[in-house]
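The values are calculated or read from the model by the stated rules, or taken from the named source; none is laboratory data. Keep in mind it's a predicted model, so treat the numbers as computed, not measured. With ideal geometry, Cβ positions are generated from the backbone for all residues, glycine too; neighbour counts draw on all protein chains shown. Surface areas here come from the heavy atoms of the whole protein model, side chains and all, with no ligands, DNA or RNA. Shrake-Rupley method; radii C 1.70, N 1.55, O 1.52, S 1.80 Å.
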Amino acid sequence: MSAASLSLKTTASPATAAAGSTTSLVSNVAAWLRTLHRANPVLSWAGWLNVGLLAVALVLLPLDTRVVTGSLVWIKPIKFCLSIIAFVWTLGWLLADLPAQAQRSVRVLSWGVALSMLAEQACIFVQAARGTTSHFNIASTFDATLFQVMGVMIMLNTLLTVWAVYLVWRHRPHGPAGYVWGVRLGLLLFLAGSILGGMMIHLNQHTVGAPDGGAGLPGIGWSTRAGDLRIAHFLGLHSLQVVPLLGWWLSSRLPRRAVLLTWLGAAAYTGLVVVLFQQAMRGVPLLQL
């Protein structure tokens, strides 16, 4: 082999390795999605429908310059699409680890979650198309009706989450002990995060100390001039991904201490959510820009 060809091969190897890594990642994600679809086709399809809605909202985003509560009108539907995709696909994956005797309950629960999330998205997209806000909007009979429908769907989803928590504590999910406790604690914290959303409904807004809208963090819109309950709500909801992943990682790295460390990690995560909730209730922003 000539020196020139050896040099060319050496130069190309990082790019080749990167391409191989990308191909492997795509292959792994595709395999994960196929497995999820076989295990729970209802929540799989609910996620894919939201992928379609996400594509629609992304197309409309640069074309529609209307602003609602300080953000472009299609920003909120995009955020809800991403959140619901993460929620239904994660829930479907976690519940697939329950034993066979629990799977009939999982199927019923999955239909309820899918229908409640799609009904809520329908309300959000209708209001975005009308150029108005969906949450806390009682400006007209139609607006109030849609907000009430959303409230019913949120309550239904919360009750179904209670059922999911019961199932994962009643039936041991498949996997190592650290992961099992990650699933149980993650769902429990997700339920707490869902309940935090009730405070926003009680206040009829998500900002404490100022009206909704105005200055906010780029892209996500969290208030930079007053308290914002969405921050603690957001972190609480995404414990559904964080805590099971923590339990799974600890089980592979520190199997003898995985259960204890998963409990400690969940406790620390809970403390962070509580601190952010209290901060928001005092009217203090996460970052003041």
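Packing, as the average of other Cβ atoms within 10 Å across residues, places the peptides 205-214, 251-260 in the order 205-214, 251-260, highest first.
Working from Cα pairs under 8 Å separated by at least six residues, relative contact order for segment 39-174 is 29 percent.
Quotient of the Cα radius of gyration of segment 167-237 and 2.2 N^0.38 Å, N being its number of residues: 1.48.
With respect to the chain, whose longest principal axis is taken over its alpha-carbon atoms, helix 3-39 is tilted by about 50°. Each Lys and Arg Cβ is given +1 and each Asp and Glu Cβ -1; about its Cα centre, segment 39-174 then shows a dipole of about 220 debye. Only helical runs count toward this figure. For the chain, summing -39,500 (n - 2.57) over DSSP H runs of n ≥ 4 and dividing by all residues gives -25500 deg cm²/dmol at 222 nm.
If you roll a 1.4 Å probe over the heavy atoms of the protein chains, what accessible area per residue do you get for segment 39-174, in Å²?
Working: 6480 Å² over 136 residues.
Each residue of segment 39-174 exposes 48 Å² on average to a 1.4 Å probe.
Against the chain, whose longest principal axis is taken from its Cα atoms, helix 41-60 shows a tilt of about 70°. Taking the chain as a Gaussian network of alpha-carbon nodes connected by springs under 10 Å, the highest mean-square fluctuation of the residues 119, 192, 30 belongs to 30.
Which whole-number percent gives the relative contact order of the chain, counting Cα pairs below 8 Å spaced six or more residues apart? Could you put the intermediate results ahead of the total?
On the way: 375 pairs, mean separation 45.6, N = 289.
Result for the chain is 16 percent.
Probe radius 1.4 Å, ligands and nucleic acids left out: which of 162, 183 has the largest accessible area, and how do the rest follow?
Details: 162 70, 183 0 Å².
Reading off the accessible areas and sorting them downward yields 162, 183.
For segment 39-174, the alpha carbon convex hull comes to 96 Å³ per residue, rounded to a whole number. Rounded to the nearest 20, the size of the Cβ-charge dipole of the chain about its Cα centre is 740 debye, with Lys and Arg at +1 and Asp and Glu at -1.
Could you order peptides 101-113, 138-150 by the average number of other Cβ atoms within 10 Å of their residues, highest first?
Working: 101-113: 17.1, 138-150: 14.5.
So the order, starting with the most tightly packed, is 101-113, 138-150.
May I have the convex hull volume per residue, in Å³, for the Cα set of segment 176-288? It is 90 Å³ per residue. Compute the acute angle (0 to 90°) between the alpha-carbon long axis of helix 103-130 and the principal axis of greatest extent of the alpha-carbon atoms of the chain; round to the nearest 10°. Approximately 60 degrees, to the nearest 10.
Computed from backbone phi with θ = phi - 60° and the Karplus coefficients 6.51, -1.76 and 1.60, the 3J(HN,Hα) list for segment 254-268 is 9, x, 6, 10, 4, 5, 4, 5, 5, 4, 5, x, 5, 5, 5 Hz; x is used for glycine and proline.
Considering the chain at the alpha-carbon level, its Rg and Dmax are found to be 21.7, 80 Å.
Peptides 62-75, 223-236, 169-182, ordered by how many other C-beta atoms sit within 10 Å of their residues on average, highest first, read 223-236, 169-182, 62-75.
Each part reduced to its alpha carbon centroid, segment 188-215 and segment 64-101 end up 17 Å apart.
Straightening the chain between residue 58 and residue 35 buys 5.5 nm, computed as 0.36 nm per residue apart minus the Cα-Cα spacing.
Determine the share of the chain's accessible area contributed by carbon and sulfur atoms, expressed in whole percent, with a 1.4 angstrom probe. Provide the component values of the computation, followed by the final result.
Values: 10640 of 15110 Å².
Whole-percent figure for carbon plus sulfur exposure: 70.
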